[in-house]
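> Below is the structure I would like to discuss, written out as structure tokens.
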Amino acid sequence: MSPVREIQEFRADDGVLSPEPERIVSPESPGRVLLGVASRATRGRDCADLGYQPLLSRFRGAPETVRRSALARAAARAAVSAAQAAALDAEQVARWVVDHYPPRWYPGAVLGSPHGGAVHLAVAMGVPWLPAAFDVSVHWPGGAVDDPAGALGYGARMAAALLRANPGVRVRQVYDPAGRGVLAGSTLSLVVRWHRLPRAYREFLDSRLASGAPVLLLRDVRSWPVLDAGGGHSFQLGTPTSGLEPGDFRPDSALLRQVLPGVGGDGATGDPPDSGRPGQAEHGVEPGFERDLLAWARVAGNPVHRVLFPEPEALSAAAADIYRDWLRGAGKSGDRCVVECGRLIDPWQVVRAGLVPYWCENATRRSVTGAEWWLAGSLPFSSLDVLPEPPGLRSPAFAGLPQWLAVASFGRRRRALDRVAARGYPVSAVATRHATEVLRNQPYDLPAPSPLRAAEVLAGLRNSGASPGLLVLNP
């Protein structure tokens with residue numbers, strides 16, 4: 001059945017309900033993981049129950065060709081169908097997000113781009129973290145890791161149906177065989193970004209924040225070529241999270257020809273679509289979302305502080321510096337650090353143990369180098385634990401174990417590179433709960449400091465983030 005006919009038949013059947021958000025929002029996405037860890041910390045819980053293992057870490061013992069086929073089938077089963085994508089309700093997803101948090105008063109809120117440092121700051125402040133977008137993985141029958149033009153054509157039909165039902169969103173399609181591997185040939189990756197402040201978010205802020213409670217909007221402002229496909233749908237060939245540059249995704253790129261055969265391609269991408277013009281990468285915040293939030297703030301009387309970070313490393317460094325000052329201000333040493341990576345994060349255990357957290361977005365060399373630079377420029381830590389999340393595939397853009405060992409070497413007395421994550425790296429299987437298991441072995445450093453005030457966070461962001469280009473905009 002063609003995707004167009006499948007969508008038309010679905011829309012003609014009024015008896016079919018919109019799929020649940022639990023099914024719609026991709027478990028592979030960073031935003032879903034961060035929502036899970038942030039909401040658990042708000043309830044005073046760690047992440048011991050988060051046992052999901054990323055798809056790319058599975059079937060490790062099989063021959064590579066067999067493994068790629070098994071991964072493609074598993075990804076297709078986990079993805080939503082074209083009909084389900086056409087029927088999703090973005091407002092229902094927003095309601096699902098806010099329902100993660102206990103119904104009580106909060107002294108503020110943090111919204112915006114997915115970033116572990118933003119979650120750590122929200123937890124230290126005792127406030128919720130709300131994402132400005134969510135990821136959807138859609139089954140792509142007959143797809144290929146070296147067919148970006150085909151991905152755009154199929155994605156345009158998916159996005160058109162989704163946007164008709166959800167005028168308050170925009171859809172960014174990301175095609176990245178270097179970062180998603182074989183998954184890029186069996187599924188489409190759609191980032192659904194709210195173009196308006198969802199009604200559920202507005203009601204949550206109205207009912208859970210006191211008048212005058214500050215709101216922080218943290219925006220990832222990385223740039224990447226973006227093709228405007230029309231009608232609220234945009235297409236992105238490659239992504240900064242892959243660790244590569246936009247030019248590396250051209251058909252004549254030697255690096256791309258090196259990567260594609262390892263994920264099931266033939267070393268070329270045929271005739272890719274136009275790469276488009278520079279714009280916000282996939283983790284950016286829609287201008288309409290920001291405008292709606294500011295309009296709400298003017299009526300509600302709550303100040304909105306906007307924080308723009310040019311690279312994830314800038315916010316990671318600033319958040320870690322703020323934690324160290326926060327701990328020392330409470331009479332603690334602030335002398336023990338944990339370097340987290342991707343989904344290997346547990347903010348509740350970090351606070352319980354009195355650790356300074358530095359979060360790497362993923363295992364790319366660029367991200368790990370950021371951790372090295374921050375550690376080199378910081379006062380030494382007596383204890384340093386490093387949790388490298390295996391990326392699940394091999395690429396010249398990913399850090400090797402020697403680079404992770406170099407990060408651990410900054411510890412003065414304790415230098416611990418997690419052996420479980422390192423075993424079989426870069427394709428070993430590690431779930432979020434493994435970070436919890438590691439951090440549970442850290443000695444308690446209770447009671448926790450009094451919650452951070454927004455003024456302290458903003459001052460720390462200005463002081464620590466000025467050099468790498470982090471910008472704080474006053475209300």
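> How do Ser234, Ser378 line up, fewest other C-beta atoms within 10 Å first?
Values: Ser234 22, Ser378 16.
Sorted ascending by nearby Cβ count, the order is Ser378, Ser234.
> Under a Cβ-only charge scheme (Lys and Arg +1, Asp and Glu -1), can you give me the dipole magnitude of the stretch 127-265 about the Cα centre, in debye to the nearest 20? Walk me through the numbers on the way to the answer.
Details: 14 positive and 11 negative charges, 107 e Å.
Result for the stretch 127-265 is approximately 520 debye, rounded to the nearest 20.
> For the chain, with the dipole built from +1 on Lys and Arg beta-carbon atoms and -1 on Asp and Glu ones, taken about the Cα centre, which of Gly143, Asn302, Ser253 lies farthest toward the positive end?
Positive-end residue among those listed: Asn302.
> Would you mind checking the stretch 389-408 for residues with the amide N under 19 Å from a putative spin-label position 7 Å along Cα→C-beta of Arg257?
Counting backbone N atoms under 19 Å from the label point, the list is 395-397.
> Quote to one decimal, in nm, the extra length available between Ala466 and Arg58 on full extension: 0.36 nm per residue of separation minus the C-alpha distance between them. Display every interim value, and only then the final one.
Details: separation 408, 0.36 × 408 = 146.88 nm, distance 4.11 nm.
Here the segment from Ala466 to Arg58 would lengthen by 142.8 nm.
> Which of the chymotrypsin sites (Phe, Trp or Tyr not before Pro) across the stretch 380-472 are loop residues per DSSP, with 10 or fewer other Cβ within 10 Å? Display every interim value, and only then the final one.
Details: sites: Phe381, Phe398, Trp404, Phe410, Tyr444; in loops: Phe410, Tyr444.
Sites meeting the loop and neighbour criteria: Tyr444.
> Could you run the Karplus curve 6.51 cos²θ - 1.76 cosθ + 1.60 with θ = phi - 60° over the stretch 433-450 and give me ³J(HN,Hα) per residue in whole Hz, x for Gly and Pro?
Calculated HN-Hα couplings, in order: 4, 5, 4, 4, 4, 5, 6, 4, 7, 6, x, 5, 9, 10, x, 5, x, 4 Hz.
> All other residues with a Cβ under 14 Å from the Cβ of Pro261 taken together, and with Lys, Arg as +1 and Asp, Glu as -1, what is their net charge? Walk me through the numbers on the way to the answer.
Values: positive: Arg68, Arg257, Arg394; negative: Glu64, Asp146, Asp266.
Result for the neighbourhood of Pro261: 0.
> Next up: Treating only the Cβ atoms of Lys and Arg (+1) and Asp and Glu (-1) as charged, compute the dipole magnitude of the chain about its Cα centre; round to the nearest 20 debye.
Values: 52 positive and 46 negative charges, 215 e Å.
Around 1040 debye, computed over the chain.
> For Leu294 and Arg440, what does the FRET efficiency come to when R0 = 56 Å and r is the distance between their Cβ atoms, rounded to the nearest 0.05?
The computed FRET efficiency comes out at 0.85.
> Along the stretch 282-295, what does the Karplus equation 6.51 cos²θ - 1.76 cosθ + 1.60 (θ = phi - 60°) give for ³J(HN,Hα), rounded to whole Hz, x for Gly and Pro?
Each residue of the stretch 282-295 in turn: 4, 8, x, 9, 5, x, x, 4, 5, 4, 5, 5, 5, 5 Hz.
> Next question, about the same structure. State the cysteines of the chain left without a partner when partners are defined as other cysteines whose beta carbon lies under 4.7 Å away.
Cysteines lacking a close Cβ partner in the chain: Cys47, Cys337.
> Would you please give the residues with an amide H less than 5 Å from that of Thr364, counting only those at least 5 places away or on a separate chain, with H modeled from the backbone geometry?
It is Ala399, by chain and number.
> In the stretch 30-138, which chymotrypsin sites (Phe, Trp or Tyr not before Pro) are in a loop and have at most 13 other Cβ atoms within 10 Å, using DSSP for the loop call? List each step's numbers first, then the result.
On the way: sites: Tyr52, Phe59, Trp96, Trp105, Trp129, Phe134; in loops: Tyr52, Phe59, Trp105.
Within the stretch 30-138, the qualifying chymotrypsin sites (Phe, Trp or Tyr not before Pro) (loop, at most 13 other Cβ atoms within 10 Å) are Trp105.
> What residues have an amide H closer than 5 Å to that of Gln173, excluding those fewer than 5 places away on the same chain, when H is modeled at 1.01 Å from N in the peptide plane?
Sorted by chain and number, the residues that satisfy this are Val191, Ser234, Phe235, Gln236.
Only the coordinates and a few stated rules stand behind these numbers; no lab work does. It should be emphasised that the depicted structure is a prediction, and the values quoted were computed from it without experimental measurement. Please note: Cβ atoms are built from the backbone with ideal geometry, for glycine as well, and neighbour counts cover all protein chains shown.
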